[in-house]
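Q: Before anything else, here's the structure in question.
The values are calculated or read from the model by the stated rules, or taken from the named source; none is laboratory data. What you see is a predicted model, and the numbers here were worked out from it, not measured in a lab. Glycine also receives a Cβ, built like all others from the backbone with ideal geometry; neighbour counts cover every protein chain displayed. Surface accessibility is based on the protein's heavy atoms, side chains included, excluding ligands, DNA and RNA. Shrake-Rupley method; radii C 1.70, N 1.55, O 1.52, S 1.80 Å.
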Amino acid sequence: MKGEARSMLHDDKSKQEGHIWGSMRRTAFILGSGLLLFVAFWNSVTWHLQRFWGASGYFWQAQWERLLSTYEGKEWILFIIGATQVPGLFFWSFNGLLLVVDTTGKPNFISRYRIQVGKNEPVDPVKLRQSIRTVLFNQYMISLPLVVFLYPFLKWWGDPCRRELPTFHWFLLELVIFTLIEEVLFYYSHRLLHHPTFYKKIHKKHHEWTAPIGVISLYAHPVEHVASNMLPAMAGPLVMGSHLSSITMWFSLALIITTISHCGYHLPFLPSPEFHDYHHLKFNQCYGVLGVLDHLHGTDTVFKQTKAYERHILLLGFTPLSESIPDSPKKME
């Protein structure tokens, strides 16, 4: 019996090692192919974008200078509008559409892409109202004052309302740096919040939703909202001394991406939310955004053994991945 047990343990270890090497080969293939495609099309893409940017650059510069003239001497108002109200408008517009589906189950074209089938069909209205109140509190009682507090530091470092708009290539560089800084800060702050010392008193609030919806991306304890939502997103612009235009686009993009990660639907042609959805389901896997640090720290090993991992791809068709890659019969029971 002991020999059989050792043999089974050896077989399991071999399978696990094989899975890891297989994942590494797939990762290398995907990254290598992506790099080749990137190099092949880079010159063509940048040429077209630069042509568009060059053609429209004067127009946007003129609009920006007009805004500066309107708010001359009160640039802080312009900063607050651009850094909070414009991203907030994107957030609530997108979540408004998702909430229609969450509360009515219609249109069926969207609801059929639900990741956790049978959950939030429809969403609990009492729980939803409580969550929306918390989200509004976080946005207007925490985020807004924090952005106001940030303004003097940005103005001292580089003046976000300076007259000249950033170039297209500079914004792309900023976007890469913002993303990397947010990934590092979010991963470690998020993982720290899962420590028993902090989880029960702080992070458990966010995990009340084991099947997340888009609007709860900002549903969190105030401490978590500052440490894990705001600071990772704000650190990049602060380090780079960014222009308000870059800050507005980055904050808007960050809110849209986190909404997609929490929305509960794996929709065609949008980034896959399977990674973070699985985190809400299991709690102890998939702490990051990009998944790079999870791979390095081994906090996605269980996830990689699931059907959710197989479905963690960009959906390029209209057949839901829950149908083309269904759960095993054992999981469906």
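Q: If I take R0 = 25 Å and measure r between the Cβ atoms of GLU164 and ILE81 in this structure, what FRET efficiency does the formula 1/(1 + (r/R0)^6) give, to the nearest 0.05? Each step should come with its number before you reach the end.
A: Values: r = 20 Å, r/R0 = 0.79.
Using R0 = 25 Å, I get an efficiency of 0.80.
Q: So who's got an amide H within less than 5 Å of the one on GLY288, skipping anything under 5 residues away but keeping other chains? H placed 1.01 Å off N, in plane.
A: Excluding prolines and chain starts, which carry no amide H, the hits are ASP294.
Q: If R₀ is 30 angstrom, what is the calculated FRET efficiency for the pair LYS155 and SER93, using the beta carbon separation as r and rounding to 0.05?
A: Values: r = 29 Å, r/R0 = 0.98.
Efficiency at R0 = 30 Å is approximately 0.55.
Q: Here is a follow-up. Compute the distance in nm between two label points, each set 7 Å from the Cα along the Cα-to-Cβ direction, one at LYS127 and one at SER69.
A: Those two pseudo-labels are separated by 5.4 nm.
Q: Between LEU173 and LEU238, what length in nm is gained on full extension when 0.36 nm per residue of separation is reduced by their alpha carbon distance?
A: Numbers: separation 65, 0.36 × 65 = 23.40 nm, distance 1.45 nm.
Contour length minus the Cα-Cα distance gives 21.9 nm.
Q: I need the phi-derived Karplus couplings for the range 276-291: 6.51 cos²θ - 1.76 cosθ + 1.60, θ = phi - 60°, integer Hz, Gly and Pro marked x.
A: 3J(HN,Hα) across the range 276-291, in whole Hz: 6, 4, 5, 4, 5, 6, 10, 6, 10, 9, 6, 8, x, 10, 7, x.
Q: Rank these by accessible area, largest first, 1.4 Å probe: PHE79, PHE171. All intermediate terms of the calculation are to be shown ahead of the outcome.
A: Details: PHE79 0, PHE171 25 Å².
Per-residue accessible area, sorted high to low, gives PHE171, PHE79.
Q: Of the heavy-atom accessible surface of the range 156-223 (probe 1.4 angstrom), what whole percent is carbon and sulfur? Please list the in-between numbers first.
A: Numbers: 2460 of 3530 Å².
Result for the range 156-223: 70 percent of the exposed heavy-atom area is carbon or sulfur.
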